[in-house]
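The values are calculated or read from the model by the stated rules, or taken from the named source; none is laboratory data. Quick caveat: nothing in here was measured; it's all calculated off a predicted structure. So basically every Cβ, Gly included, is an ideal-geometry build from the backbone, and we count neighbours across all protein chains shown. To get the accessible areas, we keep the full protein, side chains included, count just its heavy atoms, and leave off ligands, DNA and RNA. Shrake-Rupley method; radii C 1.70, N 1.55, O 1.52, S 1.80 Å.
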Amino acid sequence: MQKLILVLFLCFVGEFLTAQNIPLSYYLPAGDYDPAIPTPEQVLGFSIGKWHLTHDQLLMYCREVAGRSDRVRMEEIGRTYEDRPLVVLYITAPENQERLEEIRQQHLSLSDPQLSKKADPDRMPLVVYQGFTIHGDEPSGANAAPLALYYLAASQSEEVVNLLKNTVILLDPCFNPDGMTRFASWVNANKSRNLVADPQSRELNQPWPGGRTNHYWFDLNRDWLPAQQPESQARLRVFQAWKPNILTDHHEMGPNSTFFFQPGVPERTNPLTPARNQELTREMGNYHAAALDAIGSLYFTQENFDDFYYGKGSTYPDLNGGIGILFEQAGMEGHLRETVNGPIHFSFAIRNQMTTALSTYKAAVEMRAELLDYQREFYRSGMEEARADVRKAFIFSDPNDRARLAAFVELLLRHRIRVQAVAENVEVDGKKFEAGASYAVPLEQPQYRLIRTIFEEEKSFQDSIFYDISAWTLPLAFQLEYAALEKNDWKKIAGGPEITGPPFLSPNRVEYSSYAYLMPWAEYYAPKALNLLQQKGLHTKVATEPFSDQQGRTFERGTILIPVQNQPLSAAALHEYIQRVSGDCRTNIYAMSTGLTPEGIDLGSNSFRNLEAPKPALLTGSGVSPSDAGEVWHLLDQRYGMFLSLLDADDLGGFDLSKYNTLILPDGRYNGLSGNAIQKIRQWVQNGGTLLLLENAVKWGVDQQLAKVKILPEPGPDSTAERKPYAELQDDFGARSIRGAIFPGRLDRTHPLGYGFSSGELPLFRNNTLFFKPATNPYATPLVYTSGEPLSGFRSDVHQNNLAQSAGIVVCGLGRGRVICMAQDPNFRAFWYGTNKLMANALFFSGVIDGRGVE
């Protein structure tokens, strides 16, 4: 039977190779369709599958259908960085459209144990969120979206009429418009009239950075929980406003695979996910299997993928009372491709995605009662667990950096987590939490399980293999002081006012000074403020020793001094500008009337070092990790407001590097850099430039004799181990990787790279096995790992010795320049706020590092 199906498919492909016109009947069930609703081909001018849709074409069709159908309402929910609209289409029966807000409110009652007792699920429609193409170069999902929209809007079948009476479908046609358009433009521009299936052909090999990511090269399917990107924030607003029972996430994987649907590997399910969730996922899987069987498509389940990290679209619903379903279609990367399973046409991939969209509708109708009951029970049982938990709340604080604190509160609020201000001082386990600078999250609330995954440190695991990271304890990521409160401590502070918006600092009014201004470096946006001052041409200095002022305020190392004299602005204009910078950057700046201090250095001391404005460049292109490069770009551009030149690695040999004083090489493999480019970098550093090497770029720097770092060899297999079954090989070697865990570090706060940190104890995120020894120069290692035991996450025993006391940062010298080597990513996925200042310090203060303190 399968051979016959393959022969028929190859015949069908043969027709595509000449006509490339694919009828709707290939994708959709037969039946009556409303002629008032235009087909995709009638609007686009070509059939689905002939070309890769760009986002504007997809949006055009969505608008057309929404304007003609009383079953469909479209809402713009946000914009991408490239200003493309993010939209959701609400699809349901016309009578449901008339009372859509009422339906939403009734549905939300199931998520509140206080209200769900009186709710009547028998009268409620199920809510289904269908999302397509969060990775822009996995386009079969988004290209199936107009087919799903047409089917739901136009089909007159009894099945669809019943479906729309009993469901509200939130159709998100494209999670990632920027990436989708970038990818579609490439494959369409390189498509031949006679389709070429050769994997080596230009069409099937998109250029760096590829279309997977958004504008800043972030993987949006890792951002559901951190929610740092605008696409994620818009999506979360809709998700939390509706609490869908089912969320489907349509992806692609390697071209030589078949089709995957969840559940994933059972042992890799996060223990916070109720067992009933996986039972329902398996039950839904039967619908997908039957649908794919009917069209002869091969598939697999319970392999490769997992449900562990809650930052993915298919896993985030699992802690929100719903069922997340991942679909993975064999990747195309073009219009036709040779694979081990035969030649695959783009239309075949689209059909598989559409088929599982249809099976989702069938499951939604037939499992409606089960899924609504599960939603109610999820929140009811969660509240029971919260009441039984000896912990009653989590408290967190950082009095020295209110912006970082506010960003964390904002993250919690996005997930509908209730946060309250702390009105009384409290001490827990030796940690002091000040009123006015501390916040608490009570556990007895509907989002109990989600709160746990955000705050808890996880060190016990059923499996040692992870599809993504093994730890994401967010207070550690934000470098906040935090603790769990038990009953007696909670009683002391319970009842504080609820927070409804992020509590960003309102800076003190900057007083006028004719002498100088001081800006502490501890606040998160101090680098943004310093950048604005330097862009204005203002002369700035940094304190390398602590001091206090006449008002008794203490200023730590890293404090920025802005003298009033010898500046390009008058005293009055300078005051006005500094006041504006203080407000825009939410950073306190203090006026000084004298240079004489009661303690520590005076303002005219040589311990205040002149600062040169950064002129950074970031190496991009072939060999560079797009995600790591994007993290740097995003931090400097979006948060610090800096001018950053993006240099293509392939062209580096022809560039004039003297325009820059800092060159950043993100994680990557730089074997393709020309000898001329390497020599240019070497000469540039010797002339005084700062080369910042991140993660595996350090290995390249060592190989090129640019950095004097001793890299520790990775431990090999245990030669004394007993024989093992070959079937265990993949898992054994997979367990040796560090997929993402948090380790304790110690930072030298007297070093320029340690300025602005309120504590020397620094949680560090690691997702690599690159370890190097501390420098032989005792002053050249400002950051070390203090233990091989993780604060949170999984670490194989083989890395215990290498991690303990290994270097986090080593500063090397080369001629008059500096080479700063970082073993870890200080900007991980834009949510690791706690180590961003390491990057800022490398940019602003590298020139302050004494030449006697480098390796």
- When only C-alpha pairs under 8 Å and at least 6 residues apart count, what is the relative contact order of the chain, in percent? 10
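Subtract the Cα-Cα distance of Gln686 and Val390 from 0.36 nm times their separation in residues, and report this length gain in nm to one decimal.
Numbers: separation 296, 0.36 × 296 = 106.56 nm, distance 5.94 nm.
In short, 100.6 nm is gained.
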- Query: Near the amide H of Asn687, under 5 Å away, which other amide H atoms are found, from residues 5 or more places off or on another chain, if H is placed in the peptide plane?
  - Reply: Arg816
- In Å², what does the accessible area per residue of the chain work out to with a 1.4 Å probe? 38
- By the gyration tensor of its Cα atoms, with a ≥ b ≥ c the square roots of the eigenvalues, what is the shape of the range 313-404: rounded for a/c under 1.5, prolate for a/b over b/c, or oblate? oblate
- Expressed as a whole number of Å, what is the distance separating the alpha-carbon centroids of the range 309-379 and the range 260-280? 14
- Where the Cα pairs of the range 22-74 fall when distances are cut into 5 Å bins, in %: 4, 18, 27, 26, 20, 6
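Loop only per DSSP, at most 15 neighbouring Cβ atoms within 10 Å: give me the trypsin sites (Lys or Arg not before Pro) in the range 615-707, ordered by residue number. Working shown, then result.
Details: sites: Arg639, Lys659, Arg669, Lys680, Arg682, Lys699; in loops: Arg669.
Filter output for the range 615-707: Arg669.
Quick check: net charge around Asn176, other residues with Cβ under 10 Å of its Cβ, Lys/Arg +1 and Asp/Glu -1? List each step's numbers first, then the result.
Details: positive: Arg84, Arg182, Arg212; negative: Asp137, Glu138, Asp178, Asp219, Glu231.
Summing Lys and Arg as +1 and Asp and Glu as -1 gives -2.
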- Mind checking the angle between helix 230-242 and the chain's longest principal axis? C-alpha axes, 0 to 90 degrees, to the nearest 10. 60
- Note on the structure: In whole Hz, the Karplus estimates of ³J(HN,Hα) for the range 747-764 (6.51, -1.76, 1.60; θ = phi - 60°; x where Gly or Pro) are 10, 7, 6, 7, 7, x, 6, x, 5, x, 8, 7, 9, x, 8, 10, x, 10
- Vicinal HN-Hα couplings computed from phi for the range 148-162 (Karplus, 6.51 cos²θ - 1.76 cosθ + 1.60; Hz; Gly/Pro x): 4, 5, 4, 4, 6, 7, 10, 5, 9, 5, 4, 4, 6, 4, 5
- When the Kirkwood radius is taken over all Cα pairs of the range 464-546, what Stokes-Einstein diffusion coefficient follows at 20 °C and 1.002 mPa s, in µm²/s? 117
- Message: What does the net charge come to around Thr776 if you take all other residues with beta carbon closer than 9 Å to its beta carbon, with K and R at +1 and D and E at -1?
- Response: +2
- For Thr662, list long-range residues whose amide hydrogen, built 1.01 Å from N in the peptide plane, is under 5 Å from its own amide hydrogen. Lys615, Ala617, Thr690
- Item | Alpha carbon centroid spacing (whole Å) that separates the range 579-634 from the range 133-212 | 44
- Task: Would you kindly calculate the mean projected area, averaged across all directions, of the convex hull enclosing the Cα atoms of the range 605-701, in square nanometres?
- Result: 7.0
- Rounded if a/c under 1.5, otherwise prolate or oblate - the range 189-291, Cα gyration tensor axes: oblate
- Item | In Hz, Karplus ³J(HN,Hα) per residue of the range 605-615 (6.51, -1.76, 1.60; θ = phi - 60°; x = Gly, Pro) | 5, 5, 6, 8, 9, 4, 10, 9, 5, x, 10
- Message: So if I take the centroid of the Cα atoms in the range 678-699 and the same for the range 37-89, what is the distance between those two points in Å?
- Response: 47
- Quick one: if you stick a label point 7 Å off each Cα along the C-beta vector at Asn304 and Arg68, how many nm between them? 3.8
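Just in the range 799-831: which trypsin sites (Lys or Arg not before Pro) are loop by DSSP and have at most 14 other Cβ atoms within 10 Å?
Numbers: sites: Arg816, Arg818, Arg829; in loops: Arg816.
Those that pass, being in a loop and sparsely packed, are Arg816.
Volume per residue, Å³, of the convex hull around the alpha-carbon atoms of the range 513-665? Don't skip to the end; give the middle numbers.
Details: hull volume 18.1 nm³, N = 153.
Roughly 118 Å³ of hull volume per residue.
Determine the dipole magnitude for the range 432-539: charges of +1 sit on the beta-carbon of Lys and Arg, -1 on that of Asp and Glu, nothing else is charged, the reference point is the Cα centre, and the result goes in debye to the nearest 20.
On the way: 10 positive and 13 negative charges, 74 e Å.
My answer is approximately 360 debye.
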- Under unit Cβ charges (Lys, Arg +1; Asp, Glu -1), what dipole magnitude, rounded to 20 debye, does the chain have relative to its Cα centre? 1600
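With 17 Å as the cut-off, how large is the P(r) tail for the range 173-235, expressed as percent of Cα-Cα pairs? Spell out each step's value before the answer.
On the way: 923 of 1953 pairs.
Everything past 17 Å amounts to 47 percent.
Can you check what the net charge comes to around Ala649, using other residues whose Cβ is under 14 Å from the Cβ of Ala649 (Lys, Arg +1; Asp, Glu -1)? Could the numbers behind the result be given before it?
Working: positive: Arg669, Lys680; negative: Asp628, Asp648, Asp650, Asp651, Asp667.
Residues near Ala649 contribute -3 overall.
Loop only per DSSP, at most 16 neighbouring Cβ atoms within 10 Å: give me the trypsin sites (Lys or Arg not before Pro) in the range 443-484, ordered by residue number.
On the way: sites: Arg449, Arg452, Lys459; in loops: Lys459.
Passing both the DSSP loop test and the Cβ count: Lys459.
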- For the chain, build the charge dipole from Cβ charges (+1 Lys, Arg; -1 Asp, Glu) around the Cα centre, then report which of Leu412, His335, Ile169 sits farthest towards its positive end. Leu412
- Task: Starting from the Cα of Gln42, step 7 Å toward the Cβ, then list every residue of the range 143-166 with an amide N under 17 Å from that point.
- Result: 146-157
- Please name whichever of Val441, Pro563, Val542 sits farthest to the positive end of the charge dipole of the chain, dipole taken about the Cα centre and charges placed at Cβ: Lys and Arg +1, Asp and Glu -1. Pro563
- Query: Taking H as built 1.01 Å from N, whose amide H comes closer than 5 Å to the amide H of Ala516, not counting residues under 5 places away?
  - Reply: Val564, Met592
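Given the DSSP H assignment, sum -39500 (n - 2.57) over each helix run of at least 4 residues in the chain and divide by its residue total; what's the result at 222 nm in deg cm²/dmol, nearest 500?
-9500 deg cm²/dmol
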- Message: I need the per residue convex hull volume for the range 41-138, using only the alpha carbons, in cubic angstrom as a whole number.
- Response: 148
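So what is the relative contact order of the range 667-727, in percent, for Cα pairs below 8 Å that sit 6 or more residues apart?
On the way: 23 pairs, mean separation 21.7, N = 61.
Dividing the mean separation by the residue count of the range 667-727 yields 36 percent.
Per residue and in cubic angstrom, what volume does the convex hull of the Cα atoms of the range 457-600 have?
Details: hull volume 30.6 nm³, N = 144.
About 213 Å³ per residue, rounded to a whole number.
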- Query: For the chain, what is the largest minus smallest coordinate of the Cα atoms on each principal axis, given in angstrom and ordered from greatest to least?
  - Reply: 87, 67, 66
- Message: Need the full-extension length gain, Asp373 to Lys773, defined as separation in residues times 0.36 nm minus the C-alpha distance. One decimal, nm.
- Response: 138.4 nm
- Message: On the Cα set of the range 349-390, report Rg and Dmax in Å, please.
- Response: 16.5, 51
